[in-house]
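The values are calculated or read from the model by the stated rules, or taken from the named source; none is laboratory data. Bear in mind that the values here come from a model prediction, so they are computed numbers and not experimental data. Positions of Cβ are backbone-derived with ideal geometry, glycine not excepted, and every protein chain shown enters the neighbour counts. Surface accessibility is based on the protein's heavy atoms, side chains included, excluding ligands, DNA and RNA. Shrake-Rupley method; radii C 1.70, N 1.55, O 1.52, S 1.80 Å.
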Amino acid sequence: MTAIKNVLETLAFFSAIGRPVTAYEVWRAIPPKERPTDLEHLFEILTFLENSGKVRREGDFFAAVGLIDKLAEKIESARIEQDFFLEKKWDETLKHRPLFSAVPFLDFACVFGSLAFGNVKEDSDFDILLGCRKGRIFTARFF
């Protein structure tokens, strides 16, 4: 019963952010100790949830029912569109990578938000967190 709950919670999370997922993505998102015993067991759970009306499947993609009705109507096309924009935005983000390397005292740059989760739309922005060394924030800001 815990495995069913974990699978449904995982699907609910991704559906809430508007991202249909594959069975393997569900598998990877669940912590190892809380996963179904194997992928075959996961497919049995997904089939059970689909037959009970809690999950909708289209092609290889799954989404929880009732969270975002628009997503449930076009699961596969929504995912293909997201993947297209994700690749486009990720390539655009990576083009700016040399700029971050050139900023003195910058320790790291992390991508987060829709780009990190993969639920990218055409008008999605870039959310980047920059970390700089202690006492060097103004130098990093200048650059």
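Mind checking which of Ile4, Phe43, Phe126 is farthest towards the positive end of the chain's charge dipole, using Cβ charges of +1 (Lys, Arg) and -1 (Asp, Glu) about the Cα centre?
Value computed over the given set: Phe126.
Treating only the Cβ of Lys, Arg, Asp and Glu as charged (+1, +1, -1, -1), what charge dipole size does the chain show about its Cα centre? Round to the nearest 20 debye.
So the dipole magnitude of the chain works out to roughly 780 debye.
Of Leu99, Tyr24, Ser114, whose Cα points farthest to the positive end of the dipole of the chain (charges on the beta-carbon: +1 Lys, Arg; -1 Asp, Glu; origin at the Cα centre)?
Farthest along the dipole direction, towards plus: Leu99.
First compute the accessible area of segment 1-141 with a 1.4 Å probe, then give the percent of it belonging to carbon and sulfur atoms.
Ligands and nucleic acids excluded, carbon and sulfur give 56 percent.
Sequence gap of 8 or more, or different chains, plus Cα separation below 24 Å: how many lysine pairs satisfy both in the chain?
Lysine pairs meeting the criterion: 15.
For segment 59-143, which trypsin sites (Lys or Arg not before Pro) are in a loop by DSSP, counting at most 10 other Cβ atoms within 10 Å?
Lys134
Would you tally the net charge around Gly135, using a Cβ to Cβ cut-off of less than 15 Å, leaving Gly135 out, and scoring K and R as +1, D and E as -1?
Within the 15 Å Cβ shell, the charges total +3.
So what is the diffusion coefficient of the chain in µm² per second by Stokes-Einstein at 25 °C and 0.890 mPa s, using a Kirkwood Rh over Cα pairs?
Estimated diffusion coefficient is 143 µm²/s.
Over segment 12-126, with the other protein chains present, what is the accessible area per residue in square angstrom, probe 1.4 angstrom? Working shown, then result.
Values: 7200 Å² over 115 residues.
So segment 12-126 comes to 63 Å² accessible per residue, rounded to a whole number.
Using amide H atoms built 1.01 Å from N in the peptide plane, name the residues 5+ places from Cys132, or on other chains, whose amide H lies under 5 Å from its own.
When sequence neighbours closer than 5 places are left aside, the close amide H contacts are Asp107.
As a test of the formula, what do you get for the chain when each DSSP H run with n ≥ 4 contributes -39,500 (n - 2.57) and the sum is divided by the residue count, at 222 nm and rounded to the nearest 500 deg cm²/dmol? Write out the running numbers ahead of the final one.
Working: 8 runs with 77 residues, N = 143.
That calculation yields -15500 deg cm²/dmol at 222 nm.
Given Cα positions, please report Rg to Rh for segment 4-60, the hydrodynamic radius being the Kirkwood one. Working shown, then result.
Numbers: Rg = 10.3 Å, Rh = 11.3 Å.
So for segment 4-60, dividing Rg by the Kirkwood Rh gives 0.91.
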